[in-house]
1. Only one of 77, 81, 58, 98 is over 23 Å from residue 2 (Cβ atoms), in the same structural domain as residue 19 (by TED's automatic domain parsing) and either free of Cβ contacts under 8 Å to residues at least 60 places away in the same chain or surrounded by fewer than 17 Cβ atoms within 10 Å (Cβ to Cβ) (or both). Can you tell me which?
2. Look at the range 32-46 and say how many of its residues are surrounded by 18 or more Cβ atoms within 10 Å (Cβ to Cβ) and farther than 15 Å from residue 123 by Cβ.
3. Give the residue that is nearest to residue 13 (Cα to Cα), with candidates limited to residues of the range 101-139 that are surrounded by fewer than 19 Cβ atoms within 10 Å (Cβ to Cβ) and among the hydroxyl-bearing types (Ser, Thr, Tyr).
4. Can you pull out every residue in the range 57-83 that is farther than 12 Å from residue 98 by Cα and among the aliphatic types (A, V, I, L, M)?
Amino acid sequence: MKYPSEPEVGVGALLLSGGRVLLVRRSNQPGRGKWSVPGGHLELGEGIYEAAVRELMEETGIRGRPLGVVGVSELIERDGEGRVLYHYVLVDVLMEPEAGSRPEGARAGSDAMDVAFVDLESALRMDLTDSARGLLERASSGALPLLAVSTWSGRAARSDGRTAPIAYDPLQPGKGWERSRPRTLGRNEAPTWEWARPARWRDAAGGALPLIGAGRAAGGDPLT
(Lines give C-alpha, C1' and ligand atoms only; values in the text may rest on other atoms or scores of the structure.)
Protein backbone atom coordinates (compact mmCIF):
# COMPACT_ATOMS: atom_id res chain seq x y z
CA MET A 1 0.00 0.00 0.00
CA LYS A 2 1.32 3.44 -0.92
CA TYR A 3 1.73 5.94 1.91
CA PRO A 4 0.68 3.58 4.71
CA SER A 5 -0.29 4.93 8.13
CA GLU A 6 1.67 2.14 9.80
CA PRO A 7 4.15 -0.62 8.82
CA GLU A 8 2.73 -3.63 6.98
CA VAL A 9 3.76 -7.28 7.37
CA GLY A 10 4.59 -9.42 4.36
CA VAL A 11 5.36 -13.15 4.32
CA GLY A 12 7.56 -14.82 1.70
CA ALA A 13 7.77 -18.52 0.80
CA LEU A 14 11.31 -19.66 0.00
CA LEU A 15 10.74 -23.04 -1.65
CA LEU A 16 13.96 -24.96 -2.25
CA SER A 17 14.13 -28.41 -3.84
CA GLY A 18 17.08 -30.21 -5.39
CA GLY A 19 19.27 -27.11 -5.34
CA ARG A 20 16.64 -25.06 -7.18
CA VAL A 21 14.40 -22.23 -6.01
CA LEU A 22 10.87 -21.26 -7.04
CA LEU A 23 10.54 -17.58 -7.98
CA VAL A 24 7.76 -15.33 -9.24
CA ARG A 25 7.90 -12.16 -11.30
CA ARG A 26 5.97 -9.52 -9.38
CA SER A 27 2.96 -7.85 -10.99
CA ASN A 28 2.50 -5.24 -8.24
CA GLN A 29 4.54 -2.48 -6.66
CA PRO A 30 6.91 -2.29 -4.95
CA GLY A 31 9.24 -4.19 -7.25
CA ARG A 32 6.85 -4.67 -10.18
CA GLY A 33 8.57 -6.70 -12.91
CA LYS A 34 11.31 -7.98 -10.63
CA TRP A 35 11.75 -11.55 -9.47
CA SER A 36 11.19 -12.56 -5.87
CA VAL A 37 10.00 -15.45 -3.74
CA PRO A 38 6.21 -15.94 -3.69
CA GLY A 39 4.58 -13.91 -0.94
CA GLY A 40 2.17 -11.25 0.14
CA HIS A 41 0.39 -9.59 3.04
CA LEU A 42 -0.20 -11.33 6.34
CA GLU A 43 -3.95 -11.31 6.92
CA LEU A 44 -5.64 -10.51 10.22
CA GLY A 45 -5.83 -13.62 12.40
CA GLU A 46 -3.54 -15.60 10.10
CA GLY A 47 -0.37 -17.35 11.25
CA ILE A 48 2.96 -16.75 9.52
CA TYR A 49 3.17 -20.32 8.23
CA GLU A 50 -0.46 -20.26 7.10
CA ALA A 51 0.27 -17.13 5.07
CA ALA A 52 3.34 -18.71 3.47
CA VAL A 53 1.38 -21.80 2.44
CA ARG A 54 -1.51 -19.69 1.10
CA GLU A 55 0.65 -17.26 -0.87
CA LEU A 56 2.72 -20.07 -2.41
CA MET A 57 -0.45 -21.81 -3.57
CA GLU A 58 -2.13 -18.63 -4.84
CA GLU A 59 0.89 -17.42 -6.84
CA THR A 60 2.30 -20.72 -8.16
CA GLY A 61 -0.27 -23.48 -7.64
CA ILE A 62 2.28 -25.43 -5.59
CA ARG A 63 1.48 -26.94 -2.18
CA GLY A 64 4.35 -26.54 0.26
CA ARG A 65 5.23 -27.48 3.82
CA PRO A 66 6.83 -24.81 6.05
CA LEU A 67 10.07 -25.72 7.83
CA GLY A 68 10.78 -22.52 9.77
CA VAL A 69 11.53 -18.80 9.48
CA VAL A 70 14.85 -18.05 7.80
CA GLY A 71 14.83 -14.31 7.34
CA VAL A 72 13.41 -10.97 8.44
CA SER A 73 13.97 -7.89 6.32
CA GLU A 74 12.70 -4.34 6.09
CA LEU A 75 11.61 -2.34 3.08
CA ILE A 76 11.37 1.39 3.72
CA GLU A 77 11.00 3.48 0.59
CA ARG A 78 10.49 7.25 0.57
CA ASP A 79 9.30 9.63 -2.13
CA GLY A 80 11.07 12.76 -3.33
CA GLU A 81 9.66 14.75 -0.42
CA GLY A 82 10.88 12.30 2.19
CA ARG A 83 7.46 10.83 2.97
CA VAL A 84 7.25 7.07 3.52
CA LEU A 85 6.00 5.54 0.28
CA TYR A 86 6.23 1.90 1.40
CA HIS A 87 7.09 0.32 4.75
CA TYR A 88 7.11 -3.46 4.99
CA VAL A 89 8.48 -5.93 7.51
CA LEU A 90 9.10 -9.10 5.51
CA VAL A 91 9.24 -12.55 7.11
CA ASP A 92 10.61 -15.35 4.92
CA VAL A 93 9.66 -18.98 5.53
CA LEU A 94 11.68 -21.92 4.23
CA MET A 95 9.40 -24.38 2.42
CA GLU A 96 9.60 -27.80 0.81
CA PRO A 97 7.11 -29.14 -1.73
CA GLU A 98 4.48 -31.49 -0.39
CA ALA A 99 4.48 -35.06 -1.68
CA GLY A 100 3.03 -35.12 -5.18
CA SER A 101 3.52 -31.38 -5.74
CA ARG A 102 6.14 -30.69 -8.43
CA PRO A 103 7.65 -27.18 -8.62
CA GLU A 104 8.50 -27.85 -12.28
CA GLY A 105 4.78 -27.61 -12.97
CA ALA A 106 4.27 -24.23 -11.27
CA ARG A 107 1.96 -21.77 -13.02
CA ALA A 108 1.67 -18.01 -12.45
CA GLY A 109 -1.37 -17.10 -10.39
CA SER A 110 -2.51 -14.02 -8.46
CA ASP A 111 0.03 -11.18 -8.18
CA ALA A 112 2.52 -13.06 -10.39
CA MET A 113 3.40 -12.27 -14.02
CA ASP A 114 5.55 -15.37 -14.46
CA VAL A 115 7.21 -18.19 -12.49
CA ALA A 116 10.64 -19.80 -12.69
CA PHE A 117 12.15 -22.85 -11.00
CA VAL A 118 15.89 -22.41 -11.38
CA ASP A 119 19.17 -23.25 -9.66
CA LEU A 120 20.48 -20.72 -7.14
CA GLU A 121 23.37 -19.60 -9.36
CA SER A 122 20.98 -18.76 -12.21
CA ALA A 123 18.56 -17.10 -9.81
CA LEU A 124 21.25 -14.69 -8.60
CA ARG A 125 21.77 -13.50 -12.20
CA MET A 126 18.09 -12.53 -12.50
CA ASP A 127 16.59 -9.10 -11.87
CA LEU A 128 15.70 -9.71 -8.21
CA THR A 129 14.17 -7.51 -5.55
CA ASP A 130 16.73 -6.42 -2.96
CA SER A 131 15.21 -8.56 -0.22
CA ALA A 132 15.10 -11.65 -2.46
CA ARG A 133 18.73 -11.18 -3.49
CA GLY A 134 19.86 -10.97 0.12
CA LEU A 135 17.88 -14.09 0.99
CA LEU A 136 19.19 -16.11 -1.97
CA GLU A 137 22.78 -15.05 -1.33
CA ARG A 138 22.47 -16.47 2.18
CA ALA A 139 20.83 -19.61 0.83
CA SER A 140 23.63 -20.17 -1.70
CA SER A 141 26.22 -19.87 1.08
CA GLY A 142 24.33 -22.34 3.29
CA ALA A 143 23.60 -19.72 5.98
CA LEU A 144 19.90 -20.27 6.65
CA PRO A 145 19.40 -20.96 10.37
CA LEU A 146 15.83 -21.83 11.28
CA LEU A 147 14.08 -19.61 13.80
CA ALA A 148 11.39 -21.00 16.12
CA VAL A 149 7.95 -19.38 15.93
CA SER A 150 5.55 -19.56 18.86
CA THR A 151 1.85 -18.73 18.59
CA TRP A 152 0.50 -17.34 21.84
CA SER A 153 -3.13 -18.30 22.27
CA GLY A 154 -4.89 -17.29 25.46
CA ARG A 155 -4.20 -18.32 29.02
CA ALA A 156 -4.87 -21.43 31.12
CA ALA A 157 -6.95 -21.22 34.29
CA ARG A 158 -5.28 -21.90 37.65
CA SER A 159 -6.91 -23.20 40.80
CA ASP A 160 -6.59 -19.79 42.48
CA GLY A 161 -8.52 -18.06 39.69
CA ARG A 162 -5.43 -16.59 38.05
CA THR A 163 -4.20 -17.64 34.61
CA ALA A 164 -0.95 -18.76 32.99
CA PRO A 165 0.04 -18.19 29.33
CA ILE A 166 -0.41 -20.87 26.68
CA ALA A 167 1.61 -21.09 23.47
CA TYR A 168 2.15 -23.71 20.81
CA ASP A 169 4.51 -24.46 17.96
CA PRO A 170 2.47 -24.06 14.76
CA LEU A 171 4.66 -26.67 13.03
CA GLN A 172 3.70 -29.25 15.67
CA PRO A 173 -0.07 -29.11 16.19
CA GLY A 174 -1.07 -30.09 19.70
CA LYS A 175 2.42 -29.46 21.08
CA GLY A 176 4.15 -26.45 22.54
CA TRP A 177 4.33 -24.98 26.00
CA GLU A 178 2.81 -27.66 28.24
CA ARG A 179 2.63 -28.33 31.96
CA SER A 180 5.30 -30.86 32.83
CA ARG A 181 2.78 -32.70 35.04
CA PRO A 182 -0.94 -33.04 34.17
CA ARG A 183 -2.45 -31.79 37.41
CA THR A 184 -4.08 -28.70 38.90
CA LEU A 185 -1.65 -26.09 40.22
CA GLY A 186 -1.74 -25.15 43.89
CA ARG A 187 -2.67 -21.66 45.02
CA ASN A 188 0.92 -20.48 45.50
CA GLU A 189 2.51 -22.69 42.86
CA ALA A 190 4.00 -21.28 39.69
CA PRO A 191 3.35 -23.17 36.44
CA THR A 192 6.17 -25.32 35.06
CA TRP A 193 6.56 -25.52 31.30
CA GLU A 194 8.52 -27.60 28.86
CA TRP A 195 9.04 -26.72 25.20
CA ALA A 196 8.03 -29.61 22.95
CA ARG A 197 9.79 -28.71 19.71
CA PRO A 198 12.38 -30.12 17.31
CA ALA A 199 15.76 -30.93 18.82
CA ARG A 200 17.48 -28.38 16.57
CA TRP A 201 15.79 -25.61 18.57
CA ARG A 202 16.88 -24.86 22.13
CA ASP A 203 16.14 -21.88 24.31
CA ALA A 204 18.48 -19.37 25.93
CA ALA A 205 19.01 -21.63 28.94
CA GLY A 206 20.47 -24.19 26.55
CA GLY A 207 22.78 -21.56 25.07
CA ALA A 208 21.42 -21.53 21.53
CA LEU A 209 19.55 -18.54 20.12
CA PRO A 210 20.42 -18.42 16.40
CA LEU A 211 20.65 -14.94 14.91
CA ILE A 212 19.07 -14.23 11.57
CA GLY A 213 20.00 -11.13 9.63
CA ALA A 214 17.50 -8.27 9.49
CA GLY A 215 18.21 -6.94 6.02
CA ARG A 216 17.11 -3.49 4.99
CA ALA A 217 16.30 -2.99 1.31
CA ALA A 218 17.36 0.65 1.54
CA GLY A 219 20.85 0.15 2.89
CA GLY A 220 21.70 -3.38 4.12
CA ASP A 221 21.76 -4.79 7.62
CA PRO A 222 20.61 -2.09 10.08
CA LEU A 223 23.02 -3.45 12.71
CA THR A 224 26.13 -2.82 10.60
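The values are calculated or read from the model by the stated rules, or taken from the named source; none is laboratory data. This structure is a prediction, so every number in the text was calculated from the model and none was measured. Because the Cβ atoms are built from the backbone with ideal geometry, glycine has one as well, and the counts that use them run over all protein chains shown.
1. On the way: 77 fails: over 23 Å from residue 2 (Cβ atoms); 81 fails: over 23 Å from residue 2 (Cβ atoms); 58 fails: over 23 Å from residue 2 (Cβ atoms).
Answer to the selection: 98.
2. Of the residues in the range 32-46, 3 are surrounded by 18 or more Cβ atoms within 10 Å (Cβ to Cβ) and farther than 15 Å from residue 123 by Cβ.
3. 110
4. 69, 70, 72, 75, 76
For (1) touching a residue at least 40 places away in the same chain (Cβ under 8 Å); (2) part of a loop (DSSP other than H, G, I, E, B); (3) within 17 Å of the chain's Cα centre (by Cα), each residue gets a yes or a no:
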position	(1), (2), (3)
24	yes, no, yes
46	no, yes, yes
49	yes, no, yes
86	yes, no, no
